[in-house]
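Working notes, structure below.
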Amino acid sequence: MLRYFTAGESHGEALVAILSGMPAGVKVEQAFLDRELWRRQQGYGRGGRMKIERDSAHILSGVRHGLTIGSPISIQLENRDWKNWQESLPVAAGDPAKHKPVASPRPGHADLAGALKYNFAEARYVLERASARESAARVAIGAVAKLFLRELGVEVLSHVVTIGGVTVAELAPWEKIRALCDKEEILLNCADLEAEQRMKDEVDRVLKTGDSLGGVFEVVAHNVPPGLGTYAQWDERLDALLAAAVMSLQAVKAVEIGSGVAAAFAPGSAVHDEIGYAATSGFTAFSRTHNNAGGIEGGVSNGEEIRVRGYLKPISTLRRPLQSVDFATREPVKAAYERSDVCVVPAAGVAAEAMVALTLARCALEKFGGDSITETLRNFNGYCQQLKNF
Ligand SMILES: Cc1cc2nc3c(=O)[nH]c(=O)nc-3n(C[C@H](O)[C@H](O)[C@H](O)COP(=O)(O)O)c2cc1C
């Protein structure tokens with residue numbers, strides 16, 4: 001079974017991720033991992049930190065001579081900002097005068113709930129772990145999951161659908177989303193260039209006023225075979241697993257599969273994807289008129305593209321802070337401000353790709369098994385043949 005964990009504080013020495021259960025023999029390219037980490041750091045509206053950090057995956061174990069060896073894979077990401085925080089966040093007691101307390105909780109962030117839960121007098125330790133810096137560790141192991149999925153011909157990417165009041169008019173086809181991923185300069189990772197400019201204007205507007213923005217990204221998994229996940233048990237449904245995986249990302253407050261939200265307001269005749277038998281490519285000859293189901297029916301992948309949308313609330317650290325209370329005095333004050341992003345929808349999309357890839361890799365391994373990629377592929381190819389003969 002594929003399992004994974006992350007550890008590390010936002011301004012600590014490093015982040016660490018462990019991925020266990022990956023079969024042996026999967027080719028691991030350092031450049032691919034680093035490119036994925038770079039993609040997570042892009043997007044107009046990121047804060048100053050992204051200029052300091054240029055993440056690189058330091059693989060500590062589980063990969064030898066360029067291949068996975070079936071042992072747990074551990075990856076370390078150095079926090080380049082650590083040099084500025086060594087005295088503020090030492091492992092030892094250190095000098096309390098040099099600590100940097102978060103004196104007043106930010107509405108919308110984890111500060112107050114976390115301080116109450118862990119009985120902290122202020123929110124420094126809460127911020128350190130709740131921060132989405134953690135999502136970089138997921139992107140690193142998600143990249144390994146992507147390399148495994150690539151062996152099966154599956155690719156996972158994302159694009160931005162909405163920022164603030166701007167939403168793309170049309171569903172982006174896979175080729176356009178694929179092309180976005182090869183760009184060397186990423187503005188807002190939107191497949192519609194005209195809409196992307198208007199999105200940038202939205203970000204500029206909030207930059208001027210000290211406010212922030214949320215939005216919507218869509219993750220697309222291309223060439224997923226039918227049969228991943230199952231309706232047989234509630235916690236094995238692919239839609240449920242993907243929803244939890246994407247919702248687990250910081251600031252994601254709603255998840256949609258296919259056109260799930262609009263479907264709730266439309267009649268069945270307009271929603272369901274009619275079935276034909278005329279496909280010339282794909283796993284079977286079964287075809288669909290459209291893909292409102294987002295590639296999943298009954299908690300099972302149906303052979304169409306999997307489309308999952310994540311809805312992000314606006315960033316909660318505001319340059320023009322909201323009302324809060326001082327932890328020490330309980331007097332009304334403005335919420336704490338610490339260097340912050342103002343819009344992170346493209347980056348969240350990349351982190352969500354990692355979560356979708358890890359989820360699909362887990363489901364694929366549950367279905368096809370295999371301690372080596374040779375064994376996994378033998379089972380996978382046998383299943384593909386079974387589909388062809390269906
Ligand atoms: C890629 C990414 C970057 C983020 N950067 C910031 C940030 O700079 N400042 C901030 O206040 N929140 C940021 N967030 C959101 C917070 O991490 C998140 O709102 C907070 O941890 C509370 O969790 P919740 O929103 O899920 O309730 C970011 C989220 C993502 C996905």
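The values are calculated or read from the model by the stated rules, or taken from the named source; none is laboratory data. Values in this document were obtained by computation on a predicted structure and should not be read as measured data. Please note: Cβ atoms are built from the backbone with ideal geometry, for glycine as well, and neighbour counts cover all protein chains shown. For the accessible areas, the whole protein counts, side chains as well, though only heavy atoms, and no ligand, DNA or RNA atoms are used. Shrake-Rupley method; radii C 1.70, N 1.55, O 1.52, S 1.80 Å.
Would it be correct to say that V356 is touching a Gly at 6+ places or on another chain (Cβ under 7 Å) and modelled with pLDDT of 95 or more? Answer is no for this residue.
Within the stretch 102-114, can one find any residue that is open to solvent by less than 20 Å² (accessible area, probe 1.4 Å) and charged (D, E, K, R)?
yes
Summed over the stretch 193-220, the residues that are within 16 Å of the ligand (Cβ to nearest atom) and either among the small types (G, A, S) or in a strand (DSSP E or B) (or both) give a count of 8.
If you go through the stretch 306-337 and keep only what is surrounded by 16 or more Cβ atoms within 10 Å (Cβ to Cβ), outside any strand (DSSP E or B) and within 16 Å of the ligand (Cβ to nearest atom), you end up with P314, I315, S316, T317, L318, P321, A335, A336. When I75, I69, I18 are checked against the criterion of being modelled with pLDDT of 95 or more and open to solvent by less than 70 Å² (accessible area, probe 1.4 Å), I75 stands alone in meeting it.
Got a number for residues in the stretch 21-34 being open to solvent by less than 10 Å² (accessible area, probe 1.4 Å) and out of contact with any strand residue (DSSP E or B) (no Cβ under 6 Å at 6 or more places or on another chain)?
To start, the set of residues in the stretch 21-34 that are open to solvent by less than 10 Å² (accessible area, probe 1.4 Å) comprises 22-23, 26, 33.
Subset that is out of contact with any strand residue (DSSP E or B) (no Cβ under 6 Å at 6 or more places or on another chain): 33.
Residues in the stretch 21-34 being open to solvent by less than 10 Å² (accessible area, probe 1.4 Å) and out of contact with any strand residue (DSSP E or B) (no Cβ under 6 Å at 6 or more places or on another chain): 1 in total.
Scanning the stretch 249-277 for residues that are of a type in the set (A, V, I, L, M) and more than 16 Å from the ligand (Cβ to nearest atom) yields I257, V261, A262, A263, A264, A266, A270, V271, I275. Listed by position, the helices (runs of 4 or more DSSP H) contained in the stretch 237-286 that have at least 3 residues being surrounded by fewer than 18 Cβ atoms within 10 Å (Cβ to Cβ) are 238-247, 268-271. Condition check for S301 on (1) away from the ligand (no atom under 16 Å from the Cβ); (2) out of contact with any strand residue (DSSP E or B) (no Cβ under 9 Å at 6 or more places or on another chain): one failure, at (2). Scanning the stretch 5-12 for any residue that is more than 20 Å from R133 (Cα to Cα), touching a residue at least 40 places away in the same chain (Cβ under 8 Å) and open to solvent by 20 Å² or more (accessible area, probe 1.4 Å) turns up nothing. Here I163 fits the description: touching an Asp or Glu at 6+ places or on another chain (Cβ under 6 Å), touching a residue at least 24 places away in the same chain (Cβ under 8 Å) and among the β-branched types (V, I, T). Scanning the stretch 287-305 for residues that are assigned to a loop (DSSP other than H, G, I, E, B), surrounded by 17 or more Cβ atoms within 10 Å (Cβ to Cβ) and among the small types (G, A, S) returns A293, G294, G295, G299, G303.
Within the stretch 128-156, residues that are open to solvent by 10 Å² or more (accessible area, probe 1.4 Å) reach partners that are more than 12 Å from the ligand (Cβ to nearest atom) and of a type in the set (S, T, N, Q) with beta carbons closer than 7 Å, at six or more positions or on different chains, in the pairs E134/T6; R138/T6; G153/N223; E155/N223. Within the stretch 79-91, one or more residues are open to solvent by 30 Å² or more (accessible area, probe 1.4 Å), among the aliphatic types (A, V, I, L, M) and without any contact (Cβ under 8 Å) to a residue 40 or more places away in the chain.
Listed here are the helices (runs of 4 or more DSSP H) enclosed by the stretch 98-190 that have at least 1 residues being more than 16 Å from the ligand (Cβ to nearest atom), among the β-branched types (V, I, T) and touching a helix residue (DSSP H, G or I) at 6+ places or on another chain (Cβ under 9 Å): 135-151.
If the condition is being open to solvent by less than 50 Å² (accessible area, probe 1.4 Å) and under 23 Å from N291 (Cα atoms), then the stretch 196-224 contributes G215, V216, F217, E218, V219, V220, A221, V224.
Among the residues that make up the stretch 15-26, is at least one of them of a type in the set (A, V, I, L, M, F, W, C) and outside any strand (DSSP E or B)? The answer is yes, given that some residue of the stretch 15-26 is of a type in the set (A, V, I, L, M, F, W, C) and outside any strand (DSSP E or B). Answer yes or no as to whether L37 is part of a strand (DSSP E or B) and within 15 Å of A140 (Cβ to Cβ). So L37 fails the test. Residues of the stretch 221-248 that are more than 20 Å from A348 (Cα to Cα) and either within 16 Å of the ligand (Cβ to nearest atom) or at pLDDT below 95 (or both): none at all.
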